[in-house]
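What follows is calculated from the coordinates using simple rules that are stated; it is not laboratory data. This one's a predicted model, so the numbers in the text were calculated from it and none came from an experiment. Don't worry about glycine lacking a Cβ; one is built from the backbone with ideal geometry, like all the others, and counts go over all protein chains shown.
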């Protein structure tokens, strides 16, 4: 069973939401498969390998129920989307899950959370999240929570690099497709 198929994994991306202090390191190695560099990231916070095994969970949450037609009341013209990608340290997976699990009640209690999806690539060692919030204030309420700050301080311990970004979206753009989130992450400056 994958650690990213459970609700606690949404917080993994959000763990980075306010963590942007360390530059990404250069840990280049030579790949036996291709003879090319397979460093932890491409310098953009994205994995060097192709995530062709990406396994996303369905987008859902307190403000988005696919079984009830999607977006739930109150409807808005615009929302805030956020996405994160982490290149995880395999030896820290269990500690990472424990830290993230403590954030879940706070995340789900946030009245401004619309919905989220998580995705993982075992091949590339990446974990991704995609969340939609009613506004920036709702997102930041989670970011500054005690549980999130406690996890955020350990982000570089759990992963070698990561990127987080957020942007405005319209109601018509929801739910956001994973290719959109991945493009946004690849265009953003690495958070650490």
For residue 54, project a label point 7 Å along Cα to C-beta. Then give me every residue of region 146-171 with its amide nitrogen under 17 Å of that point. 162-167
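Treat the count of other C-beta atoms within 10 Å as a stand-in for reagent exposure and order 171, 134 from fewest to most. Intermediate results must be reported in sequence, preceding the final value.
Numbers: 171 12, 134 18.
Fewest to most other Cβ atoms nearby, the residues stand as 171, 134.
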Computed label-point distance, nm, for sites residue 76 and residue 102 using a 7 Å Cα→Cβ extension: 2.9 nm
So the label point goes 7 Å from the Cα of residue 122 along Cα→C-beta, right? Which residues of region 62-94 then have their backbone N under 19 Å from it? 86-94
The exposure ranking of 114, 85, fewest beta-carbon neighbours within 10 Å first, is 114, 85
Tell me, 108, 113 in order of fewest to most beta-carbon neighbours within 10 Å? 108, 113
